[in-house]
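The values are calculated or read from the model by the stated rules, or taken from the named source; none is laboratory data. Fair warning: this is a prediction, and the values are worked out from it, not measured in the lab. Note that each Cβ is placed from the backbone with ideal geometry, even for glycine, and that neighbours are counted across all protein chains shown. Surface areas here come from the heavy atoms of the whole protein model, side chains and all, with no ligands, DNA or RNA. Shrake-Rupley method; radii C 1.70, N 1.55, O 1.52, S 1.80 Å.
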Amino acid sequence: MTTGKPPSRVLVIGCGALVRELQEVANRNGGGHIEVECLPAIMHNRPEQIPEAVRRRVRAAKATGAFRTILVGYMDCGTGGLLDRLCSEEGVERLDGAHCYEMYAGPDVFAGLQDAEPGTFYLTDYLVRHFDRLIMKGLGISEHPELLEMYFGNYTRVVHLAQTDDDRLARAAEQAAARLGLRCERILTGIGGLQRQVVKLAGGAGAAAA
């Protein structure tokens, strides 16, 4: 039975690398109204595929008529502005920033890290958990060790931007850095930056165009 009330639910179509954190934000703030659906994180190895995959999900969600607001839970993520074009065409908004490292650390802190040491490779908690699958296997290093120097020869350190204060993840990040032949530093960021963006967009964005 149709009540005639406009939909109140918010859908976040996000990156699989943010799935735990987006779901935590939804649980903390959504009151059951924020739903999270994520695309595979491995798509970051082929960022040109991200915009059309997001477009398909946005259009499918619009077709249901079930959501007041549809948000794109990606930053630019290496798409070279193509994701912004998609958002403009589809009438949706995305998370602000070039990538999740900047979002987690904050623009000023991230800029400082880059200025201090441009040869920095960043890990989030997700990337630490899935280091073998996404980095070693995803980049082909497991099968072709000679690729390690090609990919990481110009890097000087790993910075683990940690969303949780977890000793096991901290040790795993150190082990990952050692496998790359790099020293490891850790910064506890939490998920405050992500939470602020999602809450702002969920509350302020208009309904996605039908």
Looking at D108 and the list (1) open to solvent by 60 Å² or more (accessible area, probe 1.4 Å); (2) closer than 30 Å to R68 by Cα; (3) within 20 Å of the chain's Cα centre (by Cα), which single condition is not satisfied?
(2)
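Within region 53-79, count every residue that is touching a residue at least 24 places away in the same chain (Cβ under 8 Å) and within 18 Å of C15 (Cα to Cα).
Step one: of region 53-79, the residues touching a residue at least 24 places away in the same chain (Cβ under 8 Å) are 54-55, 57-59, 61-62, 65-75, 77-79.
Filter once more, keeping what is within 18 Å of C15 (Cα to Cα): 54-55, 57-59, 61, 69-75, 77-79.
Result for region 53-79: 16.
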For region 147-165, what are the residues that are assigned to a strand (DSSP E or B) and either among the hydrophobic types (A, V, I, L, M, F, W, C) or without any contact (Cβ under 8 Å) to a residue 24 or more places away in the chain (or both)?
V158, V159, L161, A162
Run R179 past the list (1) open to solvent by less than 70 Å² (accessible area, probe 1.4 Å); (2) touching a residue at least 40 places away in the same chain (Cβ under 8 Å); (3) over 30 Å from T69 (Cα atoms); (4) part of a helix (DSSP H, G or I) and report the number of the one that doesn't hold.
(1)
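Restricting to region 25-55, and then to whatever is among the charged types (D, E, K, R), assigned to a helix (DSSP H, G or I) and modelled with pLDDT of 95 or more, can you tell me which residue is surrounded by the fewest Cβ atoms within 10 Å (Cβ to Cβ)? Don't jump to the end; show me each part of the working.
Of region 25-55, the ones among the charged types (D, E, K, R) are 28, 35, 37, 46, 48, 52, 55.
Okay, now just the ones that are also assigned to a helix (DSSP H, G or I), so 28, 48, 52, 55.
Add one more test, that the residue is modelled with pLDDT of 95 or more, and what stays is 52, 55.
Numbers: E52: 11, R55: 18.
Step by step, filter region 25-55, then rank; the result is E52.
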Scan region 182-210 for residues that are modelled with pLDDT of 95 or more, in a loop (DSSP other than H, G, I, E, B) and in contact with an Asp or Glu (Cβ under 6 Å, 6 or more places away or on another chain) and report the count.
1
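In contact with an Asp or Glu (Cβ under 6 Å, 6 or more places away or on another chain), surrounded by 15 or more Cβ atoms within 10 Å (Cβ to Cβ) and of a type in the set (A, V, I, L, M): is that true of I13 in this structure? I'd like the intermediate steps shown before the answer.
Details: in contact with an Asp or Glu (Cβ under 6 Å, 6 or more places away or on another chain): yes; surrounded by 15 or more Cβ atoms within 10 Å (Cβ to Cβ): yes; of a type in the set (A, V, I, L, M): yes.
Criteria met by I13.
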How many residues of region 56-77 are among the hydrophobic types (A, V, I, L, M, F, W, C), under 11 Å from E90 (Cβ atoms) and in a helix (DSSP H, G or I)? The answer is 2
